[in-house]
Structure formats: structure tokens, C-alpha cells
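Encoded as C-alpha cells, the structure appears first; notes follow it.
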Amino acid sequence: MSAELATEVDTIHDEEMSTAILTLYRSAWPNFYTDWGKGFDRPAQVPGLVLIPTGDPMAQPAMDLDMATRIGAQAVELDNLTHYWMLQDPDRGAEVLNRFWDSRPA
């Protein structure tokens, strides 16, 4: 997806579109995502990173922060970016990812 198309999608993305997308995802069969989260009751064996684009209309930052805490992951909010953060601000995304990877032991 181009950055231009991502901007266009964000412009028209509303609650109705979010509902349609989630309904489609949840209706797939077999639904591999049915049990997601049930096994996340302890920190992961390898530390992770949860990116939270605060401008994403489908984002649920409180849920993302809760999940990061449950699995022992670092959480980083990408203020004013959407689902397409990697197109909107690739430099900031790369900086966050590189900082996380550089913090990991070799």
C-alpha cells in the first residue's frame, strides 16, 4: 500500500468500516484468532515490543497497554500515527524498532 493510499483509507475510515473489517476477520473459518490472548497470562519467554499507534481508529490503547503488561513487553505509543505508521513516519518507526533491538542483549 502506498503512503497516499494509506492516507486516503485513513480519511474514510470510520466506525462502520471498523465494524465491517472486524466482522469479516471474525467470520473466517477456520478462525485461527478465536483463542488469541487466552495463553497470555504470564510474561513471554523473550521480551517483546508493542507498538500503539494512537491515531488508529481501530486502536484500543488501554487494551494494548494491558496486553504489554501481561506479557512483559515494552509498550511505545506512536502519537498521531495510524494503522499505517510505517508509511506515515518510517524514520520514527525505524528509530523505535532500532532502539528496542539495540536494547536486547547480543
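Surface exposure of the chain, expressed per residue as accessible area with a 1.4 Å probe, stands at 74 Å². Close amide H pairs (under 5 Å, H built 1.01 Å from N) link Gly72 with Ala44, residues at least 5 positions away or on another chain.
Given N residues in the chain, what is its alpha carbon radius of gyration divided by 2.2 N^0.38 Å? Intermediate values should be presented prior to the final figure.
Working: Rg = 15.6 Å, N = 106, 2.2 N^0.38 = 12.9 Å.
Working it through for the chain, the quotient is 1.20.
Here the chain exposes an accessible surface that is 57 percent carbon and sulfur, computed with a 1.4 Å probe and the other protein chains kept in place. Here the ratio of the Cα radius of gyration of segment 39-101 to 2.2 N^0.38 Å is 1.13. The charge dipole of the chain, taken about the Cα centre with unit charges on the Cβ atoms of Lys, Arg (+1) and Asp, Glu (-1), comes to about 680 debye, rounded to the nearest 20. What the phi angles of segment 44-61 give under the Karplus curve with 6.51, -1.76 and 1.60, with θ = phi - 60°, is a coupling list of 5, 5, 10, x, x, 9, 10, 8, 10, x, 5, x, 6, x, 9, 5, 10, x Hz, glycine and proline written as x. Couplings for segment 83-99, taken from phi via the Karplus curve 6.51 cos²θ - 1.76 cosθ + 1.60 with θ = phi - 60°, read 3, 9, 3, 5, 8, 6, 8, x, 5, 5, x, 5, 4, 5, 5, 5, 4 Hz in order; Gly and Pro are left as x. Near Leu51, once Lys and Arg are set to +1 and Asp and Glu to -1 for all other residues with Cβ below 9 Å from its Cβ, the sum equals -2.
Using the Karplus relation 6.51 cos²θ - 1.76 cosθ + 1.60 with θ = phi - 60°, the per-residue 3J(HN,Hα) values for segment 4-17 come to 5, 5, 4, 5, 5, 4, 4, 5, 9, 6, 9, 4, 4, 5 Hz, with x marking Gly and Pro. Between Thr19 and Val46, the modelled labels are 4.0 nm apart [label points 7 Å from Cα along Cα→Cβ]. In this structure the amide hydrogen of Leu78, modeled in the peptide plane, comes within under 5 Å of the amide hydrogens of Ile52, Thr54, none closer than 5 places in sequence on its chain.
The values are calculated or read from the model by the stated rules, or taken from the named source; none is laboratory data. Everything numeric here is computed off the predicted structure, so don't read it as measured data. All Cβ positions, glycine included, derive from the backbone under ideal geometry; neighbour counts span all protein chains shown. Side chains are part of the model used for accessible areas, which takes the heavy atoms of the whole protein and leaves out ligands, DNA and RNA. Shrake-Rupley method; radii C 1.70, N 1.55, O 1.52, S 1.80 Å.
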